[in-house]
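The values are calculated or read from the model by the stated rules, or taken from the named source; none is laboratory data. Just so we're clear, the structure is a prediction, and the values are computed from it rather than from any experiment. Cβ atoms come from the backbone with ideal geometry, glycine included; neighbour counts cover every protein chain shown. Only protein heavy atoms, including side chains, enter the accessible area calculation; ligands, DNA and RNA are left aside. Shrake-Rupley method; radii C 1.70, N 1.55, O 1.52, S 1.80 Å.
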Amino acid sequence: DRLTLSGSSYLECIHGLVTGRPPVIDLGLERSIQEFLRGSMAQGLIHSAHDLSDGGLAVAVAESCIASGFGAQIDIPSSSARLDRLLFAEGGARILVSVSSSQSSTWQKALDDVNSVNDGSVPAQCLGRVKVDPELLISQSGVNLIQLPLDQIKHSFENAIPRRMGADK
């Protein structure tokens, strides 16, 4: 499977397990996405980008919020997949990007153009928006799954290593 919890940070942190086969790498998909993103960056269409290969979507959004100082409001589409898989599955060829509202129509046109020529080679979907309010909100079908102030996320992130080493006692 290209997206999996096997061998993931989630599996290790939450369940204490380091097991499972790593995600299958789709080199063709990886190449298509990387080429499209490099071209989009060269055109100034992308404001930020963060891979989802270590920790999945929830971790990438949180790390992006920490790095930027901005909040985010993310709505995960309804799915029959397990919630932990939607939030924390790892795998290549997945990148969280932010595009300014002034560039969104140009971004969408570039995405539509590449997908019409290359048979949908760059799958993408809008998941939410960046917020000035320093809070991370991840929801699905109107139900809040994660709602945390950015300062709490930043504190946990910055103190993760000392906490694991017992230095916070």
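For Thr19, the solvent-accessible surface with a 1.4 Å probe is about 70 Å², rounded to the nearest 10. Proximity of backbone amide H atoms, modeled 1.01 Å from N, is registered between Glu135 and Gly71, Ala72, Leu150 at under 5 Å, excluding neighbours fewer than 5 places apart on the same chain. Among Phe70, Phe88, the order of accessible area from largest down is Phe70, Phe88, computed with a 1.4 Å probe on protein heavy atoms.
Averaged per residue, the chain has 62 square angstrom of accessible surface, using a 1.4 angstrom probe with ligands and nucleic acids left out. Using Cα atoms only, what is the angle between the long axis of helix 104-117 and the major principal axis of the chain, expressed in degrees (0 to 90) to the nearest 10? Here the helix axis deviates by roughly 70 degrees.
Residues whose amide H comes within less than 5 Å of that of Arg2, counting only those at least five positions distant or on another chain, are Val24 (H built at 1.01 Å from N in the peptide plane).
If only the Cβ of Lys and Arg carry +1 and only the Cβ of Asp and Glu carry -1, the dipole of the chain around its Cα centre is close to 180 debye.
Heavy-atom surface analysis with a 1.4 Å probe gives the chain a carbon and sulfur content of 54 percent of its accessible area.
Computed from Cα atoms, the angle from the helix 56-68 axis to the main principal axis of the chain rounds to 90 degrees.
Would you work out which of Gly71, Leu148, Leu29 lies farthest towards the positive end of the dipole of the chain? Charges go on Cβ: Lys and Arg +1, Asp and Glu -1. Final value for the positive-end residue is Leu148. Over the chain, dividing the summed -39,500 (n - 2.57) contributions of all DSSP H runs of at least 4 residues by the number of residues returns a 222 nm mean residue ellipticity of -12000 deg cm²/dmol. Residue order by solvent-accessible surface for Lys154, Lys131 is Lys154, Lys131, largest first, with ligands and nucleic acids left out and a 1.4 Å probe. Helix 27-42 and the longest principal axis of the Cα set of the chain meet at an angle near 80°. Taking every protein chain into account, the 1.4 Å probe leaves Ser80 with about 130 Å² of accessible area, to the nearest ten. Each Lys and Arg Cβ is given +1 and each Asp and Glu Cβ -1; about its Cα centre, the range 10-89 then shows a dipole of about 120 debye.
Across all Cα pairs in the chain, the calculated P(r) in 10 Å bins from zero up to the longest distance comes to 9, 33, 38, 17, 3, 0 percent per bin. Accessible-area rank, largest first, for Glu35, Glu63, Glu90: Glu35, Glu63, Glu90, with all protein chains present and a 1.4 angstrom probe.
Given a 1.4 Å probe and the protein chains as shown, Val97 ends up with an accessible area of around 40 Å². What is the distance in Å between the Cα centres of the range 129-169 and the range 45-87? That distance is 12 Å. Which listed residue (Ala110, Ser98, Phe88) has the Cα farthest towards the positive end of the charge dipole for the chain, taking +1 on Lys and Arg C-beta and -1 on Asp and Glu C-beta about the Cα centre? Checking the options against the dipole of the chain, the answer is Phe88.
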